[in-house]
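In what follows, a structure is listed as structure tokens, so that the remarks can point back to it.
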2 protein chains.
Amino acid sequence: YKGVYDREILSKIATNDGHGENLEYFDGWKAYDRDPYHSTKNSNGVIQMGLAENQLCFDLVTEWLLKNPQASICTNEGVNKFMDIAIFQDYHGLPEFRSAVAKFMGKARDEKVIFNPDRIVMSGGATGASETLLFCLANPGDAFLIPSPYCPAFNRDLRWRTGVNLIPFTCSSSNNFKITKEALQSAYEDALKKNIKVKGIIVTNPSNPLGTALDKDTLKMLLTFVNVKNIHLVCDEIYATTVFNSPRFISVAEVIKDMPHVNQDLVHILYSLSKDMGMPGFRVGIIYSYNDRVVSTARRMSSFGLVSSQTQFMIAALLSDDDFVRRFLVESRDRLFRRHQHFTSELAKIGIGCLQGNAALFVWMDLRHLLDEATVEGELKLWRVIINEVKINVSPGSSFLCSEPGWFRVCFANMDNATLDVALNRIRSFVTRGRVDNSTMTTTAATTTTTTTIKKKRGQMELRLSFNNRRFEDGLISPHSSLLSPHSPMPQSPLVKART
Amino acid sequence: YKGVYDREILSKIATNDGHGENLEYFDGWKAYDRDPYHSTKNSNGVIQMGLAENQLCFDLVTEWLLKNPQASICTNEGVNKFMDIAIFQDYHGLPEFRSAVAKFMGKARDEKVIFNPDRIVMSGGATGASETLLFCLANPGDAFLIPSPYCPAFNRDLRWRTGVNLIPFTCSSSNNFKITKEALQSAYEDALKKNIKVKGIIVTNPSNPLGTALDKDTLKMLLTFVNVKNIHLVCDEIYATTVFNSPRFISVAEVIKDMPHVNQDLVHILYSLSKDMGMPGFRVGIIYSYNDRVVSTARRMSSFGLVSSQTQFMIAALLSDDDFVRRFLVESRDRLFRRHQHFTSELAKIGIGCLQGNAALFVWMDLRHLLDEATVEGELKLWRVIINEVKINVSPGSSFLCSEPGWFRVCFANMDNATLDVALNRIRSFVTRGRVDNSTMTTTAATTTTTTTIKKKRGQMELRLSFNNRRFEDGLISPHSSLLSPHSPMPQSPLVKART
């Protein structure tokens, strides 16, 4: 009855599931929320490794703030600016904010590109930025192609209120989840056959959840593709400065410089300080478009989610300090590198491989060998064991619409070293307990996978014997299966988070 | 060609005029932007009286901030909270922020109502809050009824991306622009005849642009109306604490307490700190709904425009301080009262009347007697003289879809006393220069109007002789005229401002 009543008086958007919070993927978050780990107060609690936070460099920021009290409008040194900032509501943003962000974006891309402050449009985090951009580029019913696995928050951010569809095309472990022109072309043609208007492609670079960055050839292929089809290329580069290992990060902004024949009106970058600087609370989202009309329209729309002028003011001061930015970028990459190195090498010791990544705040962990059955159900079964018994919240690949069961995204930068080691101990103990006979470890160029034989001694899960990976690499599980149709409600940013 | 090209690759929303910035009403803002007044540097520049800012109480806020450095995460006293706040992205908001805002909303309504912190949903300013609420309540093509004159920003905020229509119903000077059940009923029935689904009524209380607050009977009438029709009542109360004179402010939240038969699921309040505290830069918008489903859905949508956690933290501390809030509310009302009193009494001395108001940051000034002809064109002609010769930017009534030409909204709280006096001198000089024979001054209960005979000695404007006010009070100029159809692009928040 309540449902009927709601549908009668509320909107379709308010009464559909486009927010994505009703999916079972939130069970892991609920488990964490019910019983969060704390080193002294709740040492048996669930450790949160489902949250792509970056907590590694706050000492640098707070040290800077204490040395620069004029960066705050609430200090003795800055309060004389309070009124001017409090009443500031120009949707262009503070000029010094736009300049500082543009400069930071350039430095985050090794100064291979100069970003024009006049093209910087602010928005409420990457969440607001991506929705705003889609409102500019596509009508309800139009579609964007997106390589899977992809960040499930896109299903809400890009679709819920815009009415735009996402059509995933498959990346598979057989080539380390690289985007192929064949998969892209095929998805494009399928859409045309169904009379769906494809308005563009959206990619995350570096990728969430893969932790890898696109190479130049792939970016060139994408640019050529959109140019030929006269559709858009949206590059979500919110993990740009997290590239902690070679090859260095290559932005679409860099590649497009060498492709003068490509229509730049079709190219747009999403950015934010939520991942690169670890400040999602401040809601600094950026749209950088080469299309003048998109810049002016997105700016007009930004009134729905401007960045607080208090925050603009502080960020402007922080990112205008060249010395700070230089030090921050070096330190951040170094700390991420070491954290990643420690985590993956410890996992390797117990036979757990990860896709070889060089970026982001997580690894794409390969547990295919631990699956009871090579299905989404099998993956979720293992996932529940990890949550309830290993007491770690990780994100199953199916929540990212991955076509191959058995992959998990595990975040490693949202905790201190000690907590990470507790998590590693738990994983180690879980694998050791369950393992009787550790057979050959197979290492390929990019992934380390383990074939493990495990006795069925644990009632809650039955691990498969002699599991054959090839079955997944052939892509038997399609992202177009009825279970995970791109048009059905998709997993979102976990519960109450804007983007994870 | 560019237009065709844009329409081909961009969305309909991006290529229509729903943002409203192409309207001539922005000429006043452009004039100000080209030549802004400054007491010493540009004393002949244009004075900005088109901006509903509240600058009167910043001394209280900055004094408090200096005494409470722990309210900032950038100070020595608060920086230990920096990381926790920077990574905070729960869309429920900081619990202390919600509590403080709920308490402030209660105090701003003389503690006649208790607001439940769990119903406080934040959003990017009133702009984001109002759009979010409409996304929850109505489908594209549905309509909301709105009494005119009304805040032109609604045309963008409520319609542009939601696809919802606004249907104005006329309020006229004959009863001091009060909402009548007849006008409401008639607009509702007209819409039904046109097969338009009416989903609700939206009112601003206190009114922008009138500067008056709704009385209890009107609120009861509105509640009864929506209850009978099973449609929504949205009350925009962003000027709640600006009620500086009796009668005291009555919120819909207070009235609904005495009407238990009314379905509370239909009642929603919009709030913000942009006007009451004068902080539009901080983008603190609030949706307070009595409908549980709207609360949960709006909260999910708030991810597109959350309030910066840095700002939440500061506002939470500020508004949790009962002593500060008490002092602020008393002082703010007192200063607004005195400012309003000074401005209107000086205007009265030169024969300019205003609708008798007791709230907001502006007056609704009656210049009908100065019109050359009683049309929108005549109003705009006078307006251009005011901008270009008197060098004051005010907002013409037609930009608020007022049905009677000759009314202007004039803001008085966005400047210091000295600037206000310069503006008054200019108006005085303009009226004196133009006036030869000042005939009878007519005073009605609520408005003071002047019939003025003026020699046609100024080429740029020809003031009418012996002008008959009745012509407008009969409502000859319909808001449904082709010039200002509610379905054509409407004036928006001036140029780059989120809401004015």
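The values are calculated or read from the model by the stated rules, or taken from the named source; none is laboratory data. Here the structure is a predicted model, which means the values were calculated and not measured. Here the Cβ is made from the backbone with ideal geometry for all residues, glycine too, and neighbour counts use every protein chain on show.
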Just for segment B:203-243: of the residues that are in contact with a Gly (Cβ under 7 Å, 6 or more places away or on another chain) and free of Cβ contacts under 8 Å to residues at least 60 places away in the same chain, which one is farthest from B:VAL363 (Cα to Cα)?
B:ILE231
List the helices (runs of 4 or more DSSP H) that sit entirely inside segment B:1-108 and contain at least 3 residues that are within 11 Å of chain A (Cβ to nearest Cβ) and surrounded by fewer than 18 Cβ atoms within 10 Å (Cβ to Cβ).
B:2-9, B:58-67
Of the residues in segment A:65-92, those that are touching a Lys or Arg at 6+ places or on another chain (Cβ under 9 Å) and of a type outside the set (Asp, Glu) come to A:GLN70, A:ILE73, A:GLN89, A:TYR91, A:HIS92
Name the one entry in B:LYS199, B:LYS178 that is among the charged types (D, E, K, R) and in a strand (DSSP E or B).
B:LYS199
Tell me, which residue of segment A:248-267 that is away from chain B (no Cβ under 11 Å) and not in a loop (DSSP other than H, G, I, E, B) is nearest to the chain's Cα centre (by Cα)?
A:VAL252
Quick one: in segment A:109-127, which of the residues that are buried (at least 20 other Cβ atoms within 10 Å of the Cβ) and within 14 Å of chain B (Cβ to nearest Cβ) is farthest from A:GLN312 (Cα to Cα)?
A:THR127
Residues that are over 24 Å from the mean Cα position of the chain (by Cα) and either assigned to a loop (DSSP other than H, G, I, E, B) or on the phi > 0 side of the Ramachandran plot (or both), drawn from segment B:404-436:
B:ARG435, B:VAL436
Any hit, segment B:134-145, residues being assigned to a helix (DSSP H, G or I) and either at pLDDT below 95 or more than 7 Å from chain A (Cβ to nearest Cβ) (or both):
yes
Residue by residue through segment A:268-286, note down the ones that are of a type outside the set (A, V, I, L, M, F, W, C), touching a Phe, Trp or Tyr at 6+ places or on another chain (Cβ under 9 Å) and in a strand (DSSP E or B).
A:HIS268, A:TYR271, A:GLY285
Every pair of residues 6+ apart whose Cβ atoms lie under 6 Å, when the first sits in segment B:416-431 and is touching a residue at least 24 places away in the same chain (Cβ under 8 Å) while the second is of a type in the set (A, V, I, L, M)
B:ALA423/B:ILE47; B:ALA423/B:ILE392; B:ARG426/B:VAL390; B:ARG428/B:ILE350; B:PHE430/B:VAL390; B:VAL431/B:ILE350
Test set (1) closer than 30 Å to A:ILE386 by Cα; (2) assigned by TED's automatic domain parsing to the domain that holds A:ARG300 - A:LEU94 fails condition number
(1)
Of the residues in segment B:128-149, those that are over 22 Å from A:THR15 (Cα atoms) and out of contact with any strand residue (DSSP E or B) (no Cβ under 7 Å at 6 or more places or on another chain) number 1
Sort through A:ASP110, A:ASP90 and tell me the only one that's closer than 17 Å to A:ILE269 by Cβ and modelled with pLDDT under 95.
A:ASP110
Any hit, segment B:404-421, residues being in the same structural domain as B:ASP27 (by TED's automatic domain parsing), among the hydroxyl-bearing types (Ser, Thr, Tyr) and out of contact with any Leu (no Cβ under 9 Å at 6 or more places or on another chain):
yes
Any residue at all in segment B:298-308 that is within 14 Å of chain A (Cβ to nearest Cβ), farther than 24 Å from B:CYS151 by Cα, part of a loop (DSSP other than H, G, I, E, B) and modelled with pLDDT of 95 or more?
yes
Would you point out the residue of segment A:281-293, among those that are over 18 Å from B:PHE304 (Cβ atoms) and buried (at least 23 other Cβ atoms within 10 Å of the Cβ), that is farthest from the other protein chains (Cβ to nearest Cβ)?
A:TYR288
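Condition check ((1) crowded, with 23+ Cβ neighbours inside 10 Å; (2) of a type in the set (Val, Ile, Thr); (3) modelled with pLDDT of 95 or more; (4) assigned to a helix (DSSP H, G or I)) across all residues:
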position	(1), (2), (3), (4)
B:ALA348	no, no, yes, yes
B:GLY351	no, no, yes, no
B:ASN358	no, no, yes, no
B:ASP372	no, no, no, no
B:GLU377	no, no, yes, yes
B:LEU380	no, no, yes, yes
B:ILE387	no, yes, yes, yes
B:CYS402	yes, no, yes, no
In segment B:146-162, which residue that is touching a Gly at 6+ places or on another chain (Cβ under 9 Å) and more than 18 Å from B:PHE304 (Cα to Cα) is nearest to the other protein chains (Cβ to nearest Cβ)?
B:ALA153
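For every residue, the table says whether it meets (1) surrounded by 24 or more Cβ atoms within 10 Å (Cβ to Cβ); (2) within 14 Å of chain B (Cβ to nearest Cβ); (3) part of a helix (DSSP H, G or I).
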residue: A:GLN310; (1), (2), (3): yes, yes, yes
residue: A:ILE315; (1), (2), (3): yes, yes, yes
residue: A:ARG384; (1), (2), (3): no, no, yes
residue: A:SER399; (1), (2), (3): yes, no, yes
Is it the case that segment A:225-233 has a residue that's in contact with a strand residue (DSSP E or B) (Cβ under 8 Å, 6 or more places away or on another chain) and in a loop (DSSP other than H, G, I, E, B)?
yes
